[in-house]
Amino acid sequence: MTAATNEYPTKAYGASDTSGHIAPMDITRRGLRDDDVLIDISHCGICHSDLHTARNDWGRTTYPVVPGHEIVGTVAALGDGVTRHTVGDRVAIGCMVDSCKECSHCEQGLEQDCKQGMVGTYGGTDRHDGSKTHGGYSNRIVCRDEFVLKVPDALSSEHAAPLLCAGITTFWPLNTWKVGKGSKVAVAGLGGLGHMGVKFAVAMGAEVTVLSRSEDKRCDAMELGAHDFLITTDKAAMKAQSGTFDMVLNTIPVRHNVTPYLHLLKIDGVQVLVGMIDMMPEVHTGLFLGRKILTGSGIGGLEETQQMLDLCAEKNIVPEIEIIPMQDVNTAYDRMEASDVKYRFVIDMESLQ
Ligand SMILES: [Zn+2]
Ligand SMILES: [Zn+2]
């Protein structure tokens, strides 16, 4: 198993059709190229995208698919040219496993927006041999060394896992727009992403308000460190806060009206939609007066992802998690759909052995 040309038989869990039912399957990881790292996976977070992909909700899934892009594990073997990692290192992989690394976007450290398209950790196409990529619901993975991040000692593997998607997706816009002391930030949606958005914004020194349709999540929001809670259906309360926010970090994962959140922004304020939600309802252009910005962002580049992991270790910013065995993944999907998780499921890959 150590020769560089050998392939690695791998235990995995994946979906074979649009039912999205996740079941055991055997896959093969490629033999190591010069710049490849073999990783024994210890933990993998469960992201909403996993569920949408497994069920072909976005219409572009090809089966079989092995989801999982919040991967943490240990380096088990190295390609001949790898110098940045050592066998035994604790490492992580997020939503991408490759990009061209040459285009102007990649050169700026924005590999996620590579002009040739980044290669997704699952359901992507390998740039060299055209094979399909498979994700972290498996006991090991092979990945280009530059796309393998280091997990700082102070971060446990189970807590590091959700940072690779939910973490960087919320950290990146907050960091890009330089949220800090004196910033007023609203976080819309309090799920896997939103709860990390609150933790990051609080850690950065911002005054943080959670936006929600009902009173239900007030206690949770405050426990996560939010300073205020605003019910979006309360017109008087919304009006009172109109024009007061520097940023609305919008993590709501379904189609919705973004207009009320634009009202909340001050001059030059920005509403960032994280992830993709397909078509949105129409917005009146008058709402952009005052140089208000409506924009989007997806994950973050490699360098900033490493920065985020280091910051989380330094400041003890960790996700709230529930650890499950691999065999419970279908139940976890059902519970995630019902918002019955605080706030991220993490699969303990020991259960796959
Ligand atoms: Zn994700
Ligand atoms: Zn590129």
Within segment 113-132, can one find any residue that is touching a residue at least 60 places away in the same chain (Cβ under 8 Å), in a loop (DSSP other than H, G, I, E, B) and closer than 30 Å to Leu224 by Cα? no
Selection status of Glu111, closer than 19 Å to Ile168 by Cα, open to solvent by 20 Å² or more (accessible area, probe 1.4 Å) and either modelled with pLDDT of 95 or more or within 16 Å of ligand 2 (Cβ to nearest atom) (or both): no
Given the criterion within 16 Å of ligand 1 (Cβ to nearest atom) and not aliphatic (A, V, I, L, M), identify the matching residue among Gly59, Gly94, Gly31, Gly117. Gly94
Does Leu302 fit the bill of being in contact with a Gly (Cβ under 9 Å, 6 or more places away or on another chain), within 16 Å of Leu163 (Cα to Cα) and within 16 Å of ligand 2 (Cβ to nearest atom)? yes
Filter result (within 16 Å of ligand 1 (Cβ to nearest atom) and in a strand (DSSP E or B)) within segment 42-56: His43, Cys44, Gly45
Could you check, for segment 109-117, whether at least one of its residues is under 26 Å from Ala15 (Cβ atoms) and in contact with a helix residue (DSSP H, G or I) (Cβ under 9 Å, 6 or more places away or on another chain)? yes
Of the conditions (1) in a loop (DSSP other than H, G, I, E, B); (2) open to solvent by 70 Å² or more (accessible area, probe 1.4 Å), the single one that Thr331 does not satisfy is (1)
Single match in Thr83, Thr121 (criterion: within 16 Å of Thr169 (Cβ to Cβ), away from ligand 2 (no atom under 16 Å from the Cβ) and of a type in the set (Val, Ile, Thr)): Thr121
Determine if segment 205-217 includes at least one residue that is free of Cβ contacts under 8 Å to residues at least 60 places away in the same chain, among the hydroxyl-bearing types (Ser, Thr, Tyr) and open to solvent by less than 10 Å² (accessible area, probe 1.4 Å). yes
Members of segment 103-112 found to be away from ligand 1 (no atom under 16 Å from the Cβ) and either more than 13 Å from Glu146 (Cα to Cα) or assigned to a helix (DSSP H, G or I) (or both), listed by number: Cys103, Ser104, His105, Cys106, Glu107, Gln108, Leu110
Working only within segment 253-299, note down all residues that are modelled with pLDDT of 90 or more and among the β-branched types (Val, Ile, Thr). Val258, Thr259, Ile267, Val270, Val272, Val274, Ile293, Thr295, Ile299
With the first residue restricted to segment 175-203 and required to be farther than 16 Å from Met308 by Cβ, and the second required to be of a type in the set (Phe, Trp, Tyr), Cβ contacts under 7 Å at 6 or more apart or on different chains are Lys184/Phe245; Val185/Phe245; Ala186/Phe245; Ala188/Tyr261; Gly191/Tyr343
Considering each of Gly59, Gly45 in turn, give the residue that is more than 16 Å from ligand 2 (Cβ to nearest atom), of a type in the set (Gly, Ala, Ser) and within 17 Å of the chain's Cα centre (by Cα). Gly45
Restricting segment 82-102 to residues that are assigned to a loop (DSSP other than H, G, I, E, B) and closer than 17 Å to His128 by Cα, the residue that is most open to solvent (accessible area, probe 1.4 Å): Glu102
Can you give me the ranges of the strands (runs of 3 or more DSSP E) entirely in segment 248-325 with at least 3 residues that are free of Cβ contacts under 8 Å to residues at least 40 places away in the same chain and closer than 28 Å to Gln108 by Cα? 265-274, 293-297
Search segment 62-81 for residues being farther than 23 Å from Lys150 by Cβ and either among the small types (Gly, Ala, Ser) or within 15 Å of ligand 1 (Cβ to nearest atom) (or both), and hand back the single one that is surrounded by the most Cβ atoms within 10 Å (Cβ to Cβ). Pro67
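The values are calculated or read from the model by the stated rules, or taken from the named source; none is laboratory data. Everything numeric here is computed off the predicted structure, so don't read it as measured data. No Cβ is skipped: glycine too gets one built from the backbone with ideal geometry, and neighbour counts run over all protein chains shown. The protein model used for the area step is the full one, side chains on, heavy atoms only, and it has no ligands, DNA or RNA in it. Shrake-Rupley method; radii C 1.70, N 1.55, O 1.52, S 1.80 Å.
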